[in-house]
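What follows is a set of notes on a single structure, which appears directly below.
Every number in this text was worked out from the coordinates using simple rules, so none of it is lab data. Remember, it's a predicted structure, so these values are computed and weren't measured experimentally. Backbone-built Cβ (ideal geometry, glycine too); neighbour counts: all protein chains shown.
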Amino acid sequence: MKIRSAILVLAAALAAVSARAESIADARRKVLKNTLPFLNVPYLWGGVHPATGLDCSGFTQLVYHNAGYSLPRVSQQQFAATKYLKPSQVLPGDLVFFSMANPAAKHVDHVGIYLGKGLFIAASTTHGIHIDSIAKPYYQERLVGIRQFSGF
């Protein structure tokens, strides 16, 4: 009977570990899935609602919220709530941070969501919510880092 109980406990523990691994992958898929309905929503500084417009951090906060996660409101706070990734560790669903106003200062003032294959989605003042390549020199010069949400 003790062996059977130990096996049941071990099986439950393995299931919990497996469920955790699946939940992280599922969470990333939810984040990515939640980005697409916002394509072409116009940009609005301070905007937090798609009916009126979204700014970059309002967009990322809303996407993560719709996936069941709490992300701070502004890009600098989002940067602080995430953890550093080596380039080889970056996965779809991670947050991409930029210094747009003063690239040399590396002061975070813009955020988007990494989609994979060098693409990210973000709210821009000229195009609203759109997909772009992180490889473009314009973005490379302004890139501060790609970071992982602490809940993953």
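Just a few scattered comments:
- Value of relative contact order over segment 17-113, rounded to a whole percent, pairs C-alpha under 8 Å and six or more apart: 21 percent
- Relative to the dominant Cα principal axis of the chain, helix 2-35 is inclined by about 10°.
- Equivalent ellipsoid of the chain: semi-axes from √(5λ) of the C-alpha gyration tensor, largest first, are 35, 17, 13 Å.
- Just checking the listed ones, Asp109, Asp26, Asp55: in the Gaussian network model of the chain with Cα springs under 10 Å, the one fluctuating most is Asp26.
- Rounded to the nearest 20 debye, the dipole magnitude of segment 27-149 is 440 debye, with +1 charges on Lys and Arg beta carbons, -1 on Asp and Glu beta carbons, and the Cα centre as origin.
- Annotation: lysines with alpha-carbon distance below 20 angstrom to Lys136 (same-chain offsets under eight excluded): Lys86, Lys106, Lys117.
- FRET efficiency for Ser150 and His107, using Cβ-Cβ distance with R0 set to 25 Å, rounded to 0.05: 0.70
- Highest GNM mean-square fluctuation among Ile129, Ile24, Ile121, for the chain modelled with Cα contacts below 10 Å: Ile24.
- Summarising the amide proton neighbourhood of Met100: residues at separation of 5 or more, or on other chains, whose placed amide H is nearer than 5 Å comprise Asp109, His110.
- The long axis of helix 56-66 is offset from the longest Cα principal axis of the chain by roughly 30 degrees.
- Contour minus Cα-Cα distance for Trp45 and Glu141 (0.36 nm per residue): 32.3 nm
- Derived scalar couplings ³J(HN,Hα) [segment 78-91; Karplus, 6.51 cos²θ - 1.76 cosθ + 1.60; whole Hz; x for Gly, Pro]: 5, 4, 5, 8, 10, 10, 4, 10, 6, x, 6, 9, 5, 10
- Summarising the label geometry, the points placed 7 Å from Cα in the beta-carbon direction at Asp26 and Ser124 lie 3.6 nm from one another.
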